[in-house]
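K.L.:
Starting off with a structure, shown below.
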Amino acid sequence: MEKEHSGLFFETIRALSLMMDLDENEKLYHSWRVGIMSAKIADIIAPDEKREIFYAGLLHDIGGIALPDHIIHYHKIEEHFKNPIIFNHPEKGSSIVEQIPGLVKSAAMIKQHHEMWNGEGYPNRIKGSEISTGAQILRISDTFDLVNRSLKNQILKEVSLRLKKKAGKEYSHEMFEAWRKAVSEEGFYELIKDNDNLTQLMDYVIKTLPEMGMKMGLDAFDTIINVFAEVIDAKHTYTAGHSKRVADYSIIIAEAMGLNKKQVQKIKYAGYVHDAGKVAIPSYILDKKAKLTEEEFDLIKKHPIYTMEILSTISHLSDIIPIAGYHHERYDGLGYPNGYFGKRTPLGARIMAVADSLDAMTSPRPYQGIKTGDDAKKELKKYAGTQFDPIVSEAACDVLNCSLLAKK
Ligand SMILES: [Fe+2]
Ligand SMILES: [Fe+2]
Ligand SMILES: [Fe+2]
Ligand SMILES: [Fe+2]
């Protein structure tokens, strides 16, 4: 991870975008498809901005993370105007993406991706050439995916007819022609409409991008992983700051237990992303006050599996997969997803289990009241040897003072 690596940048953004598109048991691939389509159109009308346009496509709907369902399920434009999360998602997404080194231009495009050629879009109702070319490319690529997935018979002629009807309203006629040219290249439509081809298409796009103006060092990676945590925690109001706090507590415990710098760093990254898979769990389950049904709990239990799936797409983070993925294992073997017993669960994950529970106990959750730091520590002691590794639990009680655990 020390090496500067633009492949790492791509893989991390790709994972972030994949996480956004997890919808219960299904991967929607909306963002990947919009990214790929946008890059293809950029080849024709904005080759100099292809890189920024591609990344804007991958992240364009990131500001909609707090919606109970994936944004593609909100079909009507009137709904977009009425629902504050949707109405604000271009601005919110832009302010998130702005933080990522090298993506300031992409952020500006995202801000305008729902503006329409005729001035009837949102949030600022700008029109025509006031909308940047990148944003217009996002607009038509977004509409392409939405229209295409709404069709039973996915034939290019039909998609093209539907998109043509929107030319002059949502986007310019010129933009429609650029899209038509891009999508008509031999075999491209057949490739992009099939989910199975998207990984390959993404790899192809990345090879054709102009070099990044910067190299990604550890600082830049730190920023992106922070953004990752921010997006995960934005899914639910009550999880605000959770991932970062779990990382902070884990670092303190790991250092107190004498782990070396490299191990501590891995634990930190794992803390940031341990709940990435939660994005796929429907809000009504996570927000439920009453006892969960068996099916609902089965779904919750899948979130570490999804986390591991997302992380497995970042080759440089393979070491942190077992730390992040096993944070719900228990010392007595009654946890999930694998029911690992005792030290079969890696130490990093046993530390994370304690940090995660500590933060859950001391934060407001729909199903429980907040515990004080003292009470949370009592629970740690009570469940040492059953839920928690007793050594980790003891270390945590020693080093985490109650004012740190008190909420903020
Ligand atoms: Fe959008
Ligand atoms: Fe979209
Ligand atoms: Fe979790
Ligand atoms: Fe968690």
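K.L.:
Spelling out what I want: for every residue of the stretch 116-126, take phi, set θ = phi - 60°, compute 6.51 cos²θ - 1.76 cosθ + 1.60 (Karplus), and round to whole Hz; glycine and proline get x.
P.N.:
Those phi angles translate into 10, 3, 8, x, 9, x, 9, x, 9, 6, 7 Hz.
K.L.:
Then there's this: Kindly write out, for the stretch 379-395 in residue order, the coupling ³J(HN,Hα) from the Karplus curve 6.51 cos²θ - 1.76 cosθ + 1.60 (θ = phi - 60°), rounded to whole Hz, with x marking Gly and Pro.
P.N.:
Using θ = phi - 60°, the values come out as 5, 4, 5, 4, 9, 5, x, 10, 6, 10, 5, x, 5, 5, 4, 5, 4 Hz.
K.L.:
If you take the square roots of the eigenvalues of the alpha-carbon gyration tensor of the stretch 279-408 and sort them as a ≥ b ≥ c, do you get rounded (a/c under 1.5), prolate (a/b over b/c) or oblate?
P.N.:
oblate
K.L.:
So, one more: Going through the cross-link list K76/K166; K244/K266; K278/K382, which pairs have a Cα-Cα distance over 25 Å in this structure?
P.N.:
K278/K382
K.L.:
Report the Stokes-Einstein translational diffusion coefficient (µm² s⁻¹, integer) for the chain, Rh taken as the Kirkwood radius over Cα pairs, at 37 °C with viscosity 0.692 mPa s.
P.N.:
Using the Kirkwood radius from Cα pairs, D works out to 147 µm²/s.
K.L.:
If each DSSP helix of 4+ residues adds -39,500 (n - 2.57) and the sum is divided by the residues in the chain, what number results at 222 nm, nearest 500 deg cm²/dmol?
P.N.:
Calculated from helices alone, the mean residue ellipticity at 222 nm is -17500 deg cm²/dmol.
K.L.:
Can you order the peptides 237-250, 350-363 by their average number of other Cβ atoms within 10 Å per residue, highest first?
P.N.:
So the peptides 237-250, 350-363, ranked by packing, come out 350-363, 237-250.
K.L.:
Rounded if a/c is under 1.5, else prolate if a/b beats b/c, else oblate: with a ≥ b ≥ c from the C-alpha gyration tensor eigenvalues square-rooted, which is the stretch 6-208?
P.N.:
rounded
K.L.:
Which residue, I314, A256, N338, has the largest displacement toward the positive end of the dipole of the stretch 235-405 when charges sit on each Cβ (Lys, Arg +1; Asp, Glu -1)?
P.N.:
The one lying farthest along the dipole's positive direction is A256.
K.L.:
Along the charge dipole of the chain, pointing to its positive end and built from +1/-1 on Cβ of Lys, Arg, Asp and Glu, which listed residue (L18, S172, G271) has its Cα farthest out?
P.N.:
It is G271, whose Cα lies furthest towards the positive end.
K.L.:
Taking a ≥ b ≥ c as the square roots of the Cα gyration tensor eigenvalues, with a/c under 1.5 meaning rounded and otherwise prolate when a/b beats b/c, else oblate, which class fits the stretch 110-201?
P.N.:
prolate
K.L.:
A further question follows. Taking amide hydrogens as modeled 1.01 Å from N in the peptide plane, which residues meet the under 5 Å criterion relative to Y171, leaving out close sequence neighbours?
P.N.:
The list, which skips near neighbours in sequence, is W117.
K.L.:
Next question. State the extension gain, in nm to one decimal, for the chain segment bounded by Q154 and N88, taking 0.36 nm per residue of separation less the distance between their alpha-carbons.
P.N.:
Length difference between fully extended and current span is 20.6 nm.
K.L.:
By a straight-distance test (C-alpha under 17 Å), which lysines pair with K40 as possible cross-link partners, with residues fewer than eight away in the same chain excluded?
P.N.:
Partners found: K50, K181, K193, K207.
K.L.:
So, by mean Cβ neighbours within 10 angstrom, what's the order for 284-297, 102-115 with the highest one leading?
P.N.:
102-115, 284-297
Readers should treat all values here as calculations from the given coordinates under stated rules, not as data from a laboratory. This is a predicted model, so every value here is computed, not measured. When we count neighbours, we look across all protein chains shown, and the Cβ atoms used for this are built from the backbone with ideal geometry, even at glycine.
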